[in-house]
Amino acid sequence: MMQPETCPVRIRGDLDPALSRWQWLVKWILSIPHYIVLFFLTIAVVVVWVIAFFAILITGKYPPALFDFSVGVMRWRWRVAFYSLTALGTDKYPPFSLRSKPEYPADLEIDYPERLSRGLVLVKWWLLAIPHYLILFAFFSAGWRAFPLNPNNSVVAYPVPPLIVILVVIALVGLVFTGRYPKGLYDFVIGINRWAIRVRAYSTLLRDEYPPFRLDIGAA
């Protein structure tokens, strides 16, 4: 089993020890410029994925420039998520950059593969990744809960937010009242994010190693 530090997909998230109790209320607004840029970058990543698919199928290699671009977009997305969405682990505004920024609390590195399987490229992004998709669906997707009302047996349904949202909200309650982000919740939230990013790296053809079914907790 690969340890986190030797895994070809490495996700870092360093919790800010002095988080503002209230800045999280506006982070999603402050991040709007990033959301706009990432919208167009994501469209470009889809085009890159198609090109890379055929390049791997024919040559067994992911074109290096396209690889760096795809990793850069994934890195950018992770920094924004860490700041404003699925972790809220820092108050430091994320940079507008595809490059690695070691000084920023969140970062992502993916080792470039010298060879990729021509056969796996046909099935890994949809068929082989299905077990992970099902688990991540439970982590990141909302649902509905229904219960009957007596005596007329009518049913009332109400939405249930994604697990990742529930965990972050609980952490924010702790932050507001104590000034601290609960460490146990933070580790769990980071573990979920790390799992999702490794599956994304696999399904976007960046690596052939099958993602582990585990939450690697901690900053790095």
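Listing for the model above:
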item	result
Of all residues in the range 161-219 being without any contact (Cβ under 8 Å) to a residue 40 or more places away in the chain and within 18 Å of residue 131 (Cβ to Cβ), the one that is surrounded by the fewest Cβ atoms within 10 Å (Cβ to Cβ)	214
Filter pass, residue 36 being free of Cβ contacts under 8 Å to residues at least 40 places away in the same chain, exposed (fewer than 10 other Cβ atoms within 10 Å of the Cβ), assigned to a helix (DSSP H, G or I) and among the β-branched types (Val, Ile, Thr)	no
Selection from the range 1-26 of residues that are surrounded by 18 or more Cβ atoms within 10 Å (Cβ to Cβ) and within 22 Å of residue 72 (Cβ to Cβ)	7, 9, 10, 11, 12, 13
Residue check, residue 127 part of a helix (DSSP H, G or I), more than 12 Å from residue 207 (Cα to Cα), of a type outside the set (Gly, Ala, Ser) and out of contact with any Gly (no Cβ under 8 Å at 6 or more places or on another chain)	yes
Members of the range 1-23 that are under 21 Å from the mean Cα position of the chain (by Cα) and either charged (D, E, K, R) or modelled with pLDDT under 95 (or both)	2, 3, 4, 5, 6, 7, 10, 12, 14, 16
Residue within the range 92-101 that is out of contact with any helix residue (DSSP H, G or I) (no Cβ under 9 Å at 6 or more places or on another chain) and either closer than 21 Å to residue 172 by Cα or not small (Gly, Ala, Ser) (or both) present	no
Unmet criterion (only one of (1) surrounded by 15 or more Cβ atoms within 10 Å (Cβ to Cβ); (2) within 19 Å of the chain's Cα centre (by Cα); (3) modelled with pLDDT of 95 or more; (4) hydrophobic (A, V, I, L, M, F, W, C)) for residue 46	(1)
Subset of the range 50-68 that is assigned to a helix (DSSP H, G or I) and in contact with a Leu (Cβ under 7 Å, 6 or more places away or on another chain) - its residue that is surrounded by the fewest Cβ atoms within 10 Å (Cβ to Cβ)	51
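The values are calculated or read from the model by the stated rules, or taken from the named source; none is laboratory data. Since this is a predicted model, take the numbers as computed values, not measurements. All Cβ positions, even for glycine, are placed from backbone atoms using ideal geometry, and neighbour counts span all protein chains on display.
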